[in-house]
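The values are calculated or read from the model by the stated rules, or taken from the named source; none is laboratory data. Owing to the predicted nature of the structure, the values given are computational and were not obtained by experimental measurement. Cβ coordinates were reconstructed from backbone atoms using ideal geometry, including for glycine residues, and neighbour counts include every protein chain displayed.
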Amino acid sequence: MVERALLEIRGVVKRFGGLLALDGVGFEVRPGDFFGLIGPNGAGKSVLINIVTGLYKPTRGSVIFGGRDVTSLRPHLRHQLGMSRTFQHSTLFFELSVLENIMMGVRAISGMGLWGTLANTRANHLSDEAIGVVAEEAVDLLGLKRYRTETAGKLPYGLQKIVSIGMAVASKPKLLLLDEPLTGLIASEVDEVMRHISLLNRQGITVLIVEHNMRAVMGYCNRIMVLNFGIKIAEDQPSEIRRNEKVIRSYLGE
């Protein structure tokens, strides 16, 4: 029996005026996948992720998550269903500790919002205990326990990236979407961040990663989709993507 897809993208088209950014893109992400989305700059990867998470509405097509059509749902409602994401640029509070940063993320996703999080209110104090428990679980999930009291701004850049991912996984999502999490990292930091993401995946979080670092994508993803000029040109296992002639010509090179 084939397991139902966690995420289904069906015939998604996106136009911005006269520009066709996505042209009939469709794919599935199954529970437990470590799914890679690659392609040259301008291929439509960020547009697609923004459609999946609800920041953009498709011109045509649909987004199915957990068997439910979420095409018209706002981002926070998709988050409540188990979809969480990171952005290319981190949103860390550099003067706070690792644990405090993740607590800020927990407050924001629990409905208080950022301004409520920053306000020193009695309601926030009363909820700190429960929020702390959730944040501690996220710290453990990411293997950050030894850094929990460290100031985020003093951590190496790679660990800062991991903390920002921790803010996204504190809600225990079913699907974690990572938008170029390896940007600006040196090789050793890339390996460290990917190990932590792989740990999340092994603990049951399905991952969809948009990334240009081919060594990381090929080494960790079990399936990869390739976009070029808004069109899906391949979707397969890494070993097949490496020798796909269309992918080689348009992106990987000889």
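Suppose the filter is polar (S, T, N, Q), at negative phi and buried (at least 17 other Cβ atoms within 10 Å of the Cβ); does residue 53 pass it?
Values: polar (S, T, N, Q): yes; at negative phi: yes; buried (at least 17 other Cβ atoms within 10 Å of the Cβ): yes.
When the stated conditions are applied, residue 53 passes them.
Within region 1-19, work out how many residues are in contact with a strand residue (DSSP E or B) (Cβ under 9 Å, 6 or more places away or on another chain) and not in a loop (DSSP other than H, G, I, E, B).
9
Return the residues of region 202-212 that are surrounded by fewer than 19 Cβ atoms within 10 Å (Cβ to Cβ) and not basic (Lys, Arg); say none if nothing qualifies. Walk me through how you get there before you give the answer.
If we filter region 202-212 for residues that are surrounded by fewer than 19 Cβ atoms within 10 Å (Cβ to Cβ), which is where we start, we get 202-204, 212.
Those that are surrounded by fewer than 19 Cβ atoms within 10 Å (Cβ to Cβ) and not basic (Lys, Arg): 203, 204, 212.
When the residues of region 224-254 are narrowed to those that are free of Cβ contacts under 8 Å to residues at least 24 places away in the same chain and of a type in the set (S, T, N, Q), which ends up surrounded by the fewest Cβ atoms within 10 Å (Cβ to Cβ)?
Filtering first and then ranking leaves 239.
Out of (1) buried (at least 16 other Cβ atoms within 10 Å of the Cβ); (2) over 13 Å from the mean Cα position of the chain (by Cα); (3) in the same structural domain as residue 6 (by TED's automatic domain parsing); (4) under 22 Å from residue 92 (Cα atoms), what's the single condition that is false for residue 180?
Checking residue 180 against (1) buried (at least 16 other Cβ atoms within 10 Å of the Cβ); (2) over 13 Å from the mean Cα position of the chain (by Cα); (3) in the same structural domain as residue 6 (by TED's automatic domain parsing); (4) under 22 Å from residue 92 (Cα atoms), the one that fails is (2).
Any residue in region 141-158 that is touching a residue at least 12 places away in the same chain (Cβ under 8 Å) and surrounded by fewer than 18 Cβ atoms within 10 Å (Cβ to Cβ) sitting within a Cβ distance under 9 Å of a residue that is among the basic types (Lys, Arg) and assigned to a helix (DSSP H, G or I)? List the pairs, counting only those 6 or more apart or interchain.
Hits for this filter: 143/195.
Kindly provide the set of residues from region 153-176 that are farther than 21 Å from residue 97 by Cα and either in a strand (DSSP E or B) or basic (Lys, Arg) (or both), ordered by number.
Looking only at region 153-176, we keep the residues that are farther than 21 Å from residue 97 by Cα, and these are 173-176.
174, 175, 176, listed by residue number.
Could you check, for region 145-152, whether at least one of its residues is of a type in the set (S, T, N, Q), assigned to a strand (DSSP E or B) and within 20 Å of residue 103 (Cα to Cα)?
As a first pass, look at region 145-152 and keep what is of a type in the set (S, T, N, Q): 149, 151.
When the remaining residues are screened for being assigned to a strand (DSSP E or B), the result is 151.
Narrowing further to those that are within 20 Å of residue 103 (Cα to Cα): 151.
Yes, region 145-152 contains at least one residue that is of a type in the set (S, T, N, Q), assigned to a strand (DSSP E or B) and within 20 Å of residue 103 (Cα to Cα).
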